[in-house]
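The block underneath contains the structure these notes are about, expressed in C-alpha cells.
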Amino acid sequence: MSEWTAFTDDDAARWISVPAPDDDKYSRGVLGAITGSTSYPGAAVLSVQAAHRTGVGMVRYLGPRHPSELVLARRPEVVTADGRVQAWVIGSGIDEQALKPKRRARIIRALESGDPAVIDAGVLGLFAEHRLTAGGGGRTKSILTPHFSELVALLGRTGIDTDVDAVKQAPADWAVRAAEASGSVVLLKGNTTYIADPDGARLTVSGAPSWLATAGSGDVLGGVLGALVATHRDAIDADAGALAPLAATGALLHARAAELASAGGPIAALDVADALGSAIKSWLNSASH
Ligand SMILES: NC(=O)C1=CN([C@@H]2O[C@H](COP(=O)(O)OP(=O)(O)OC[C@H]3O[C@@H](n4cnc5c(N)ncnc54)[C@H](OP(=O)(O)O)[C@@H]3O)[C@@H](O)[C@H]2O)[C@@H](O)CC1
Ligand SMILES: Nc1ncnc2c1ncn2[C@@H]1O[C@H](COP(=O)(O)OP(=O)(O)O)[C@@H](O)[C@H]1O
C-alpha cells in the first residue's frame, strides 16, 4: 500500500507555468470547455473564469446558446468555435440524462481524442461507461473530480457497489479503488482532498476554509485543473505521472484562493475564481523555484 503525502505550497509552485518571452497563446495551451447547460448555465461561467484566472493561452467554450452568451458576457476573450485544444474540462453543470444527442456525441469525440481531460459531475458516469465499452484497460490521461456521491455513482458504473457512508468512513481507500477501476487520476473532493493515481501516487490537500463548501466551488476547481493540464500538455504526454501533482496543485491553489477571498468570512464560488491570480502571485513571489 502506497503512503499518502501532504502536498505543499513549494511543491505546487513548481507546477505553475509562467509564459516565456517567446510564448504565444497557442504555445501556452488552449483549453476546451464542455461545461454548463441550459439548466446549469452558471457552471460554464465559473469554469471558464477559473481557467482564465489560473492562466491559459485561450479557452474554447463549446455549449448551448444560453450558457455561451453568459460566458461571452463575462469573458469576451473566449472563443466559441470548435478547434484544436491541448486539454479538456468536461461535465461541470451537465446532467447526463438531459444531454442532447449532438452534445453527447461532441463529448464522446473529446473523450476519444486522446487529449488529457478533467472530467466532472454529469460526465463521470459517461466516461466510465465509454471506457468500458471501448474495451478500456490501461491508464488514461484524465483527472476525475467526484464528490462523495458522484464517486459512488462512478464506481457503480464500473460494477463496484458502495454507498456514501462507506466512502465517508474511508475516503482514501475508495479514491484508490476508483483510480484503479478507472485507470485515471481520481481527485476526491471534500475538506481533505484525496488524489490517487492508478500507478501509485497518493497525495492529500487540506487547509481550505470550510466556507468553500458553497455551490459552484467544484465548477471553479474544474476550470483551475483544466488550465493547469492545458499548460502542461507536453509534460503529460511525456509522463502521465505528471497528472497527480497537477491535480494536487489545482486543489491547493483552489484552497489558497478560497483563503484569500474569505479572510475569515463567507465566500461565493466566483470570489474564489477571482482570487486565483493573487494566490498564484504569492506563490511566484515566495517560490524557491
Ligand atoms: N451555478 C451552477 O450552475 C451550479 C451548478 N452545479 C452543477 O449542478 C450539478 C449537480 O451537482 P450537485 O453536486 O449539486 O448535485 P448532485 O450531484 O445531483 O447531488 C446529488 C446528491 O448527492 C449528494 N451530495 C452532493 N454533494 C455531496 C457531497 N459533497 N458529499 C456527499 N454527498 C453529496 C446529495 O444527496 P444527500 O446527501 O442530500 O442525500 C445530493 O442531493 C452538477 O453538474 C454541478 O456541476 C453545482 O456546482 C452548483 C452550482
Ligand atoms: N467542508 C469543506 N471544507 C473545505 N472545502 C470543502 C468542504 N466541502 C467541500 N469543499 C470543497 O468545495 C468544492 C465543492 O465541489 P462540489 O461538491 O463539486 O460542489 P459544486 O457541485 O457545487 O461545485 C470541492 O473543491 C471541495 O473540496
Please specify each residue of the range 165-189 satisfying the condition of being more than 24 Å from Gly223 (Cβ to Cβ), within 10 Å of ligand 1 (Cβ to nearest atom) and surrounded by 15 or more Cβ atoms within 10 Å (Cβ to Cβ). Val167
State the number of residues belonging to the range 127-151 that are within 14 Å of ligand 1 (Cβ to nearest atom) and open to solvent by less than 30 Å² (accessible area, probe 1.4 Å). 5
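Residue by residue, here is whether (1) in contact with a strand residue (DSSP E or B) (Cβ under 6 Å, 6 or more places away or on another chain); (2) under 27 Å from Gly159 (Cα atoms) holds:
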| site | (1), (2) |
| --- | --- |
| Ile195 | yes, yes |
| Asp199 | no, yes |
| Leu212 | no, no |
| Gly218 | no, yes |
| His232 | no, no |
| Ala240 | no, yes |
| Ala248 | yes, no |
| Leu260 | no, no |
| Leu284 | no, no |
When Leu155 is run through (1) over 15 Å from the mean Cα position of the chain (by Cα); (2) outside any helix (DSSP H, G or I), the failure sits at (2)
Would you be able to tell me the number of residues in the range 117-152 that are touching an Asp or Glu at 6+ places or on another chain (Cβ under 7 Å) and small (Gly, Ala, Ser)? 3
Select, from Pro64, Pro41, Pro76, the only residue that is over 17 Å from the mean Cα position of the chain (by Cα), open to solvent by 10 Å² or more (accessible area, probe 1.4 Å) and more than 16 Å from ligand 1 (Cβ to nearest atom). Pro76
Could you list all residues from the range 114-168 that are modelled with pLDDT of 95 or more, over 13 Å from Ser182 (Cα atoms) and more than 16 Å from ligand 2 (Cβ to nearest atom)? Asp115, Pro116, Ala117, Asp161, Thr162, Asp163, Asp165, Ala166
For the range 114-126, what are the residues that are within 16 Å of ligand 1 (Cβ to nearest atom) and not in a helix (DSSP H, G or I)? Ala117, Val118, Ile119, Asp120
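Please return the ranges of helices (runs of 4 or more DSSP H) entirely within the range 199-289 where 3 or more residues are away from ligand 2 (no atom under 15 Å from the Cβ) and open to solvent by 60 Å² or more (accessible area, probe 1.4 Å).
Helices (runs of 4 or more DSSP H) meeting the threshold: 233-238, 269-286.
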Let me spell it out: the conditions are (1) away from ligand 2 (no atom under 16 Å from the Cβ); (2) closer than 24 Å to Leu228 by Cβ; (3) among the hydroxyl-bearing types (Ser, Thr, Tyr), and Ser92 meets all of them except one. Which number is the exception? (1)
Which numbered condition trips up Leu111, out of (1) without any contact (Cβ under 8 Å) to a residue 12 or more places away in the chain; (2) more than 16 Å from ligand 1 (Cβ to nearest atom)? (1)
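The values are calculated or read from the model by the stated rules, or taken from the named source; none is laboratory data. Not measured: the values here are computed from a predicted model. Don't worry about glycine lacking a Cβ; one is built from the backbone with ideal geometry, like all the others, and counts go over all protein chains shown. Calculation scope for accessible area: heavy atoms of the full protein, side chains included, ligands and nucleic acids excluded. Shrake-Rupley method; radii C 1.70, N 1.55, O 1.52, S 1.80 Å.
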